């Protein structure tokens, strides 16, 4: 443009240019081109304009920057619906559920019970009958990022949910700050006869009101809950009894196809939400029991 203007100063596009004054500044085109490239890659609009204005202070060029960013976004959307960040998340297989996406057509019209991990397959913690040492052994044996807390194994009445981080901190604090021995009893329910000085009450560290759904809820309702509220897990109950557990990773695999993430295993559905490997003949949940899937799903048990 600079060479064009210098060779054809009488052209109508340059009619407003003053003589003996630089009419075309290549740096201006560089700023607008940089904003356009960034907008096309990230699909952001207002943020890009504000960032470019703050970097340069060139309020005069806000309008051309806005026009170039909008055009780059429209061209990018026409080529691919995902920006660079969404594409990278999808490429890496991260369980990202965008609340702007309408996945109603891709969500199977099935009950959530066919997808969530049943209580029999969960690693739950009972309210009583534990010590600091047994809870530490539980943490060492399982790498899940949280555990449902139930009254007992028979009724499985849901009392709450405790994350791995909270449980580890509570146990370490009891051993170091309070100097309690490892065989000290620990409980998640009210124990009127227990001595607070010689026992560990873990109720303050437990989430007593986790997000729950009825066990007969549909998968569509669970997906909407994950998307709108940004949840990482949902517990399913029936009359207060724990029935199942669903994580964001489970939902992501359902929406994107479990076959993309479960490798080296042939799975066949039997119509009950249970899948059996033809190689091992072992019944597992929807996600199977493979190491790579277990690594991804360590944010929650199930």
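Side notes on the structure shown:
- Of all DSSP beta bridges in region 99-219, antiparallel share, percent nearest 5: 70
- Sorted on the mean count of surrounding Cβ atoms within 10 Å across their residues, most packed first, peptides 33-41, 163-171 read 33-41, 163-171.
- At an R0 of 30 angstrom, the distance between the Cβ atoms of residue 37 and residue 229 translates into a FRET efficiency of 0.30.
- A straight chain from residue 126 to residue 207 at 0.36 nm per residue would run longer than the Cα-Cα distance by 27.7 nm.
- Gyration tensor (alpha-carbon) shape descriptor, region 2-79, a/c threshold 1.5: prolate
- Region 151-200: C-alpha gyration tensor shape, a/c 1.5 cut-off, then a/b vs b/c: oblate
- Each Cα pair under 8 Å and six or more residues apart adds its sequence gap; the mean of these over the residue count of region 136-216 is a relative contact order of 27 percent.
- Neighbour counting of Cβ atoms within 10 Å sorts the residues 241, 113, 6, fewest neighbours leading, into 6, 241, 113.
- Relative contact order [Cα under 8 Å, 6+ residues apart], region 148-192, whole percent: 24
- Figure legend: label point modelled 7 angstrom from the Cα of residue 155 along Cα→Cβ; residues of region 224-259 with amide N under 13 Å from it are 239-242.
- Summary value for region 2-79: 31 percent relative contact order, contacts being C-alpha pairs under 8 angstrom separated by 6+ residues.
- Overall form of region 68-190 per C-alpha gyration tensor (a/c, 1.5; a/b vs b/c): prolate
- Per-pair calculated FRET efficiency, R0 = 30 Å: residue 21 and residue 92 via Cβ, rounded to 0.05: 0.05
Where a number appears in this text, it was derived from the coordinates with a stated rule and is not lab data. These figures come from a predicted structure and were not determined experimentally. Reconstructed Cβ throughout: ideal geometry from the backbone, glycine too, with neighbour counts over all protein chains shown.
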